[in-house]
1. Can you say whether Thr191 is surrounded by fewer than 17 Cβ atoms within 10 Å (Cβ to Cβ) and either in a strand (DSSP E or B) or of a type in the set (Val, Ile, Thr) (or both), as far as the supplied structure shows?
2. Could you please find all residues in segment 149-188 being in a helix (DSSP H, G or I) and either over 17 Å from the mean Cα position of the chain (by Cα) or on the phi > 0 side of the Ramachandran plot (or both)?
3. Residues in segment 225-235: is at least one assigned to a helix (DSSP H, G or I), aliphatic (A, V, I, L, M) and more than 30 Å from Lys92 (Cβ to Cβ)?
4. Taking the condition of being of a type in the set (Gly, Ala, Ser) and either open to solvent by 50 Å² or more (accessible area, probe 1.4 Å) or under 16 Å from Asn274 (Cα atoms) (or both), how many residues in segment 209-230 meet it?
5. If the requirement is being open to solvent by 20 Å² or more (accessible area, probe 1.4 Å) and closer than 10 Å to Phe224 by Cβ, which of these qualifies: Ile121, Ile153?
6. Taking only segment 63-97 into account, find how many residues are in a loop (DSSP other than H, G, I, E, B) and either open to solvent by less than 10 Å² (accessible area, probe 1.4 Å) or of a type in the set (Asp, Glu) (or both).
7. Keeping to segment 245-295, report how many residues are under 27 Å from Ser168 (Cβ atoms), hydroxyl-bearing (Ser, Thr, Tyr) and open to solvent by 30 Å² or more (accessible area, probe 1.4 Å).
8. I'm told Gly277 meets every condition in (1) within 24 Å of Leu105 (Cβ to Cβ); (2) touching a helix residue (DSSP H, G or I) at 6+ places or on another chain (Cβ under 8 Å) except one. Can you identify the failing condition by its number?
Amino acid sequence: METTKITKSSSSIEWGKIFRSYGTVIAGVIITIIFSVLNPDSFATLDNAINISRQISFLVIIGIGATIVMSVSEFDLSIGAIASLGGVIAAKIAASGGPIWIAFLAPVLVALVVGFINGWIVTQFRVLSFITTLAMSTILGGFTFWLTGGATIFENIPDSFRLVGQKSLLGIPLLSIVMLLITILFWYVMTQTAFGRRLYAIGGNESASRIAGLRVKWNKNAAFALGAALAALTGVLMASRLGSAHPTAGNGLFLQAYAAAYLGMTSFKEGVPNIWGTFVGAAIIGILANGLTIMQVPTFMQDVITGLIVIAAVIMQKFGRGSR
């Protein structure tokens with residue numbers, strides 16, 4: 001009798017662990033099945049799957065940036081403004097006839113500096129990252145409006161600048177390929193390199209990491225810089241896709257990026273920011289948006305659902321941490 005009870009208890013614990021670790025993945029599969037049954041002709045097609053991969057590319061890339069900053073237990077509220085600035089800088093360089101490689105590279109370099117400044121203020125003066133990056137977001141928003149006069153940049157954008165955002169390779173959008181390559185690269189960096197392990201160690205216990213001899217300030221600065229660089233790259237790719245840049249184009253990605261990251265914290269690793277988890281979180285948000293659009297659900301309701309997802313994800317990752 002006792003053996004039976006122990007077996008049943010162990011079985012329930014295993015199921016609980018599975019749902020805590022892979023609940024988000026399971027939810028994503030269920031959502032996909034539901035939309036496939038409701039709209040088989042529109043949703044459950046290869047063309048739509050490819051379209052979803054293109055749509056989530058921006059969210060995945062900026063979400064990975066947010067995940068890197070979260071790995072050191074900090075937040076960057078300026079990623080949306082950085083994405084907007086990155087797109088504007090790239091579009092202005094491209095429209096002025098500058099080399100396309102500079103149009104892609106310059107915003108990323110600017111963002112590296114901005115991100116490093118965010119990290120330096122947080123670590124040097126012990127200012128909360130919420131306050132620091134919120135202030136930086138306001139500064140960058142004003143600067144971006146000054147650069148554009150509040151208008152959309154769309155004139156004289158060359159076709160070569162639109163190449164990455166609008167072309168495909170063997171039927172697969174280049175944006176989707178770039179997204180996958182960046183995901184694999186930063187999964188490797190965060191899990192297979194000493195740098196990534198240091199970031200997770202600092203996020204897990206900053207005091208112990210400092211005692212162990214880790215350069216906490218430098219690593220945090222690097223995390224903020226990388227997060228900002230990926231946000232700027234997202235803005236550049238958005239401008240390439242649209243063939244234009246608006247001073248607030250990236251602002252809408254902020255909430256979704258953290259929704260994806262928090263959803264990712266309930267995938268694969270319980271309560272821990274991780275790259276593939278963020279990828280899955282972004283995919284779920286993209287699938288929801290695509291399916292709801294096909295079902296003609298109003299945009300404002302999609303925003304409501306996204307907000308509810310954030311709340312649910314935070315609650316789930318808290319349970320994940322508590323279980324450990």
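1. On the way: surrounded by fewer than 17 Cβ atoms within 10 Å (Cβ to Cβ): yes; either in a strand (DSSP E or B) or of a type in the set (Val, Ile, Thr) (or both): yes.
Judged against the criteria, Thr191 is a match.
2. Of all residues in segment 149-188, those in a helix (DSSP H, G or I) come to 159-166, 174-188.
Result: Asp159, Ser160, Phe161, Arg162, Leu163, Val164, Gly165, Gln166, Leu174.
3. Taking segment 225-235 and keeping what is assigned to a helix (DSSP H, G or I), we get 225-235.
Adding the requirement that they be aliphatic (A, V, I, L, M) leaves 225-226, 228-233.
Then keep just the ones that are more than 30 Å from Lys92 (Cβ to Cβ); that gives none.
Scanning segment 225-235 turns up no residue that is assigned to a helix (DSSP H, G or I), aliphatic (A, V, I, L, M) and more than 30 Å from Lys92 (Cβ to Cβ).
4. Restricting attention to segment 209-230, the residues satisfying the condition of being of a type in the set (Gly, Ala, Ser) are 209, 212-213, 222-223, 225, 227-229.
Now narrow it down to the ones that are either open to solvent by 50 Å² or more (accessible area, probe 1.4 Å) or under 16 Å from Asn274 (Cα atoms) (or both): 212-213, 223, 227.
Going through segment 209-230 one residue at a time, the tally reaches 4.
5. Values: Ile153 fails: closer than 10 Å to Phe224 by Cβ.
That would be Ile121, the only listed residue that is open to solvent by 20 Å² or more (accessible area, probe 1.4 Å) and closer than 10 Å to Phe224 by Cβ.
6. Going residue by residue through segment 63-97, those that are in a loop (DSSP other than H, G, I, E, B) are 71-78, 96-97.
From the residues that got through so far, the ones that are either open to solvent by less than 10 Å² (accessible area, probe 1.4 Å) or of a type in the set (Asp, Glu) (or both) too are 71-72, 74, 76, 78.
Residues flagged as in a loop (DSSP other than H, G, I, E, B) and either open to solvent by less than 10 Å² (accessible area, probe 1.4 Å) or of a type in the set (Asp, Glu) (or both) within segment 63-97 amount to 5.
7. Number of matching residues: 1.
8. (1)
The values are calculated or read from the model by the stated rules, or taken from the named source; none is laboratory data. Keep in mind that what you see is a predicted model, and the values were worked out from it rather than measured. We place every Cβ from the backbone using ideal geometry, glycine too, and count neighbours over all the protein chains shown. Surface accessibility is based on the protein's heavy atoms, side chains included, excluding ligands, DNA and RNA. Shrake-Rupley method; radii C 1.70, N 1.55, O 1.52, S 1.80 Å.
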